[in-house]
1. Would you please name the residue that is farthest from VAL514 (Cα to Cα), looking only at residues in segment 456-497 that are touching a strand residue (DSSP E or B) at 6+ places or on another chain (Cβ under 6 Å) and among the aromatic types (Phe, Trp, Tyr)?
2. Within segment 191-214, is even one residue of a type in the set (Phe, Trp, Tyr), outside any loop (DSSP other than H, G, I, E, B), assigned by TED's automatic domain parsing to the domain that holds PHE65 and on the phi < 0 side of the Ramachandran plot?
3. Please find, within segment 547-559, the residue that is nearest to the chain's Cα centre (by Cα) out of those that are outside any loop (DSSP other than H, G, I, E, B) and more than 26 Å from CYS287 (Cα to Cα).
4. Go through LEU167, LEU137 for me and flag whichever is part of a loop (DSSP other than H, G, I, E, B) and either of a type outside the set (A, V, I, L, M) or more than 20 Å from VAL237 (Cα to Cα) (or both).
5. Look at ASP562 and say whether it is assigned to a strand (DSSP E or B) and at pLDDT 95 or above.
6. Could you check segment 244-341 for helices (runs of 4 or more DSSP H) lying wholly inside it with 2 or more residues that are at pLDDT 95 or above and either polar (S, T, N, Q) or assigned by TED's automatic domain parsing to the domain that holds GLY502 (or both)?
7. For segment 441-461, check the following and say yes or no: at least one residue is part of a loop (DSSP other than H, G, I, E, B) and on the phi > 0 side of the Ramachandran plot.
8. Being part of a loop (DSSP other than H, G, I, E, B) and at negative phi is the filter here, so list the residues in segment 500-520 that pass it.
Amino acid sequence: MNTPSIVRRDVPPRPLWALEQAGVPPLLARLFAARGVSRFDELDDGLARLLPPAQLKGATEAARFLADALAARRRICVVADYDCDGATACAVALRGLALLGAAPGTLTHVVPDRAVHGYGLTPAIVELAMTVTPDVLLTVDNGIASLAGVAHARARGLDVVVTDHHLPAKEDGVGTVLPDATVIVNPNQPDCGFESKNLAGVGVMFYVLLALRSELRSRGAFTPENQPRLDALLDLVALGTVADVVRLDANNRRLVAQGLKRIRAGKMQAGVAALFAAAGRDARRACGFDFGFAIGPRINAAGRLSDMTLGIECLLTDDPARAHELAQQLDTINRERREVEAGMREHAEGMLEDLLAQGGLAGDPPPALALYDPDFHEGVVGIVAGRMKDRLHRPTFVFAKGQDGLLKGSGRSIPGFHLRDALDLVSKRHPGVLVRFGGHAMAAGATLAESDFPVFERALREVAGEWLDAATLSRTLMTDGPLEAGYFTPETVRSLDAQVWGQAFEPPVFSDEVEVISQRLVGEKHLKLAVRHGGTVRDAIWFGHSEPVGERVTLAYQLRLDEYNGKQRVQMIVEGIV
């Protein structure tokens, strides 16, 4: 359904020449130039090249406030979020504040239960935090849209420091409105001149710690020579950044690169090491793929099906035995999450087939989808929405019923359709239908009454029909063109894996016309191919696809090292076939 067209990325000749002249190997120079790198210094991943914290609006004020709070031994409660970004941000906050001199017993944390409290700093979470008698609430990866929660905390006599990266709320759908917090640090708040708007929540918190260390240094608490090493937290920063699928601009790539270097060198938190082991991944060869598809999902599973305090404790403990125990628990929960997700996805696909048949759409899906079933699990609606979006190339929302009886939905979008703005338009056209909503261009959440689901479904389709044209609704698979036979070596794969790839700096996908020598199913749902490429027969596998292909096809693929009995061979991982 919706077969992609394979399009080759443009490689600007001047940047390509400049990178090659600077000594970048030809293949890497071609890949970097195609992703917008024009100068060699953009590839410098040293910490000295990070954007300065003083540029981040609110960071200096937060540093002064927190420095005063540490000096006065005020009790600080970190209010986390229940995804991997929120968990790593919480761990970075607690570890970083302790490194910078927080007195023992003055740091605590709370994390919402997805099903009970909902997202963000709600009045209910404030009341939960009050049980640990804080003086200050410090939000990580949430809070910018928590108007009622911040007001409730202030009414209870608490100071609130908001660190977040999400978009602020809009008043009457028009002007931005900010919570009445003591300090707000968010690159996406109005009048913030920070060059990178793409920091994850954990990145924002790391920047606050950099600013705090600078403030404490100016107060004589440290000298440049004896100051705490905050780079010890970069494994967590890198993990949360990749897992949250934020754009990997140059600044984020530096944060991720530094974290990966530490992990490969064996310098990581005990919990990160335990999670690598539980996932069967070699930390000595850590790459962004591990964060996004192995480590991150195990932490996220706790917030989806259980209690994110498990994930946070795993990242906080310094005891390897305890870290191992927690990582095994997270691995078990993740296996359960996969089973729940598989059942929901199968059910959702059945609903889709019925929808297409009833609508007489001849296999062509509507411009946007909204799916709901009473048996859906709230914890995995976002994952299923993402799977359906990937399959159909349509903005997709999936809803489940929450404990309060309201439908809780998570949406995933395609390029060219700003999901949060679409929700904003739906709320204007149908006042009262959306109880709550928020998010980004590519991912968003919404809450509504079950009786209003049909209205929402129609309204979302209407907006998508107005905003999306045939070109936008056609799936395009961007590739880096053909790959010469001489590059099919383990050394090439290791060189590519050593780079930082991710959102908006996508991993290399090559495309070549090949002859299919043989094809067979493995595991009942994966197509195993032998193809002739450049005069050599190579192995290829197309995960999740069982339909046979023609004898001569254009293959879009990534390279992966397949290790068996101590031998390494290069395998083509198919991304698409035309």
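1. PHE456
2. Yes, segment 191-214 has at least one match.
3. The selected residue is THR554.
4. LEU167
5. Spelling it out, it is not the case that ASP562 is assigned to a strand (DSSP E or B) and at pLDDT 95 or above.
6. 250-264
7. No; the residues of segment 441-461 include none that is part of a loop (DSSP other than H, G, I, E, B) and on the phi > 0 side of the Ramachandran plot.
8. VAL500, TRP501, GLN503, GLU506, PRO507, PRO508, VAL509
The values are calculated or read from the model by the stated rules, or taken from the named source; none is laboratory data. From a predicted model like this one, the values you see are computed outputs, not experimental measurements. Ideal geometry is used to build each Cβ from the backbone, glycine not excepted, and the neighbour counts take in all protein chains shown.
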